[in-house]
Amino acid sequence: PPPRACATLLPPMKTYRISQLARAVGLSRSTLLHYDRIGLLSASDRSRADYRIYTEADRRRLERICQYRSAGLPLADIRALLATPGKPAARLLEKRLRKTSEEIGALRGQQRLLATLLRVAGRKVPPAVDKNMWVSMLRAAGVSQPSMERWHREFERRAPRDHHGFLASLGLSESEIARIR
């Protein structure tokens, strides 16, 4: 899985030491040292005691690196993206998007195969989207309870058999399906 997104825990500051910057974005100090070794993120300055000093521009660059890592881009592609904005960068992002789509397709194929194997073994296949997820997605989209009820009534009126199949695909029991219909 791609790395998690970097957090921003500290408000913007004028400068950061390596540990402060690492903490600010939720990475380890060793990750920043690695980024320095490979030339992805270098400190803009050094203190008298030879500590790395990072600027706001360095912090913003690190946040972009984290964003690209969260999108699943390898470090070599991130270096290229940061070095050459514009069309070359867009091509790299398009390439990653195509690869992600292929990975999703492969995972869906695995999901279908696993569901088939479970059915062959006589096991019930859990729904990909259950009632709770469906309702939470509708609520997140701003759909109110009365609107959800109107949607179900309209679905039932237009395609009762499909409405029943949809409700069953959410893993609902026949009694709950009857109540909703």
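Things worth noting here:
- Total charge dipole magnitude, the stretch 32-72, about the Cα centre, Cβ charges on Lys, Arg, Asp, Glu only, Debye to nearest 20: 60 debye
- Once both labels are positioned 7 Å from their Cα atoms along Cα-to-Cβ, the gap between Ile104 and Thr55 label points is 3.9 nm.
- What the Kirkwood sum gives for the stretch 31-181 is a hydrodynamic radius of 20.6 Å, with every pair of different alpha carbons counted.
- 15 Å Cα-Cα reach of Lys14 towards aspartates and glutamates, excluding residues that sit fewer than 8 places from it in its own chain: Asp45, Glu56, Asp58
- Accessible surface computed residue by residue for the stretch 124-181, with neighbouring protein chains in place and a 1.4 Å probe, gives 72 Å² per residue.
- Anchor Lys87: lysines whose Cα lies under 28 Å away (excluding residues fewer than 8 positions away in-chain): Lys95, Lys99
- Dipole-positive endmost among Ser173, Tyr16, Met148 within the chain (Cβ charges, Cα centre): Tyr16
- Sites Lys124 and Ala178, calculated FRET efficiency, Cβ-Cβ separation with R0 22 Å, nearest 0.05: 0.65
- A P(r) calculated from all alpha carbon pairs of the stretch 129-181, with 10 Å bins opening at zero, reads 25, 58, 17 percent.
- Centre-to-centre separation between the Cα atoms of the stretch 55-76 and those of the stretch 117-157: 37 Å.
- Of the accessible area of the stretch 122-181, computed with a 1.4 Å probe over protein heavy atoms only, carbon and sulfur atoms account for 54 percent.
The values are calculated or read from the model by the stated rules, or taken from the named source; none is laboratory data. Quick caveat, the model's predicted, so the values are computed rather than measured. For neighbour counting, all protein chains shown are included, and Cβ atoms are generated from backbone atoms with ideal geometry for every residue, glycine included. Each accessible area value is taken on the protein alone, full model and side chains, heavy atoms only, with ligands, DNA and RNA left out. Shrake-Rupley method; radii C 1.70, N 1.55, O 1.52, S 1.80 Å.
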